[in-house]
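A.B. asks: Supplied in structure tokens, the structure appears directly below.
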């Protein structure tokens with residue numbers, strides 16, 4: 001059974017790589033894929049592995065958000081942040097379960113994939129690549145950080161939230177207790193912090209100067225109420 005499962009996983013990831021090749025050619029904008037995970041969640045490893053595959057896509061920014069509500073079941077997640085749990089709390093009412101759970105994948109702040117459903121994830125990513133939000137964003141490196149410039153075709157009904165998220169590209173953990181005891185887990189783009197820079201109503205161009213972060217980072221422009229991520233750019 002394990003051998004069959006491995007073969008299925010290999011086939012799925014091969015399909016992901018094939019789709020990614022075509023997707024990169026038709027790139028319109030950076031799609032943010034948030035994955036809420038926990039080291040103590042026994043259903044999360046396949047989705048954690050999928051995030052490694054998505055990190056190879058030039059037009060996708062996968063983010064692993066480790067939550068803390070699994071910590072009481074035998075193993076405290078070494079990357080868990082309360083801010084990650086709070087962020088998922090805003091998304092939870094839009095899921096079929098209406099509550100916190102892992103794994104949960106959120107594409108572009110809008111579409112939810114509950115559990116390990118790779119082809120549905122791919123379908124949503126491709127759909128978001130072609131969405132015209134009316135918002136464009138550019139980042140230019142400078143001596144003292146990054147200059148962020150954004151434009152919108154129209155004013156927003158409610159001001160959008162501009163956020164910087166920091167993350168480490170790769171982390172490995174030997175899990176000693178809990179449901180995943182004995183597993184040497186690898187995680188991709190592990191979120192280490194969120195910083196709200198302010199709000200933007202879209203009527204005038206957005207211009208920000210961001211100091212160089214000590215880790216990998218990206219700037220996100222997200223609709224009010226933690227809605228659609230209208231634009232995103234890596235700080236690099």
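The values are calculated or read from the model by the stated rules, or taken from the named source; none is laboratory data. What you see is a predicted model; the values in this text were computed from it and never measured. Note that each Cβ is placed from the backbone with ideal geometry, even for glycine, and that neighbours are counted across all protein chains shown.
A.B. asks: What residue, among those in the range 182-224 that are without any contact (Cβ under 8 Å) to a residue 60 or more places away in the chain and part of a loop (DSSP other than H, G, I, E, B), is nearest to residue 164 (Cα to Cα)?
C.D. replies: Once the filter is applied, the top-ranked residue is 213.
A.B. asks: Next question, about the same structure. Taking residue 29 and the conditions (1) part of a loop (DSSP other than H, G, I, E, B); (2) in contact with a helix residue (DSSP H, G or I) (Cβ under 8 Å, 6 or more places away or on another chain); (3) modelled with pLDDT of 95 or more, which numbered condition does it fall short on, given that it satisfies the others?
C.D. replies: (3)
A.B. asks: Out of everything in the range 102-120 that is out of contact with any helix residue (DSSP H, G or I) (no Cβ under 7 Å at 6 or more places or on another chain) and not in a strand (DSSP E or B), what residue ends up being surrounded by the most Cβ atoms within 10 Å (Cβ to Cβ)?
C.D. replies: Of everything passing the filter in the range 102-120, 102 is surrounded by the most Cβ atoms within 10 Å (Cβ to Cβ).
A.B. asks: List pairs: first residue in the range 96-112 and on the phi > 0 side of the Ramachandran plot and touching a residue at least 40 places away in the same chain (Cβ under 8 Å), second residue buried (at least 22 other Cβ atoms within 10 Å of the Cβ) and not in a strand (DSSP E or B) anywhere in the structure, Cβ distance under 7 angstrom, at least six positions apart or on different chains.
C.D. replies: 108/128
A.B. asks: Of the residues that make up the range 136-153, is at least one assigned to a loop (DSSP other than H, G, I, E, B), without any contact (Cβ under 8 Å) to a residue 60 or more places away in the chain and under 18 Å from residue 221 (Cβ atoms)?
C.D. replies: Looking for residues that are assigned to a loop (DSSP other than H, G, I, E, B), without any contact (Cβ under 8 Å) to a residue 60 or more places away in the chain and under 18 Å from residue 221 (Cβ atoms), one finds at least one in the range 136-153, hence yes.
A.B. asks: Would you mind stating whether residue 167 is over 30 Å from residue 214 (Cβ atoms), in contact (Cβ under 8 Å) with a residue 12 or more places away in the chain and crowded, with 17+ Cβ neighbours inside 10 Å?
C.D. replies: Spelling it out, it is not the case that residue 167 is over 30 Å from residue 214 (Cβ atoms), in contact (Cβ under 8 Å) with a residue 12 or more places away in the chain and crowded, with 17+ Cβ neighbours inside 10 Å.
A.B. asks: Could we say that residue 69 is without any contact (Cβ under 8 Å) to a residue 40 or more places away in the chain and in a loop (DSSP other than H, G, I, E, B) here?
C.D. replies: yes
A.B. asks: Further, regarding this structure: Within the range 171-198, which residues are exposed (fewer than 13 other Cβ atoms within 10 Å of the Cβ) and farther than 17 Å from residue 73 by Cα?
C.D. replies: Once the filter is applied, which keeps residues that are exposed (fewer than 13 other Cβ atoms within 10 Å of the Cβ) and farther than 17 Å from residue 73 by Cα, the range 171-198 yields 172, 184, 196, 198.
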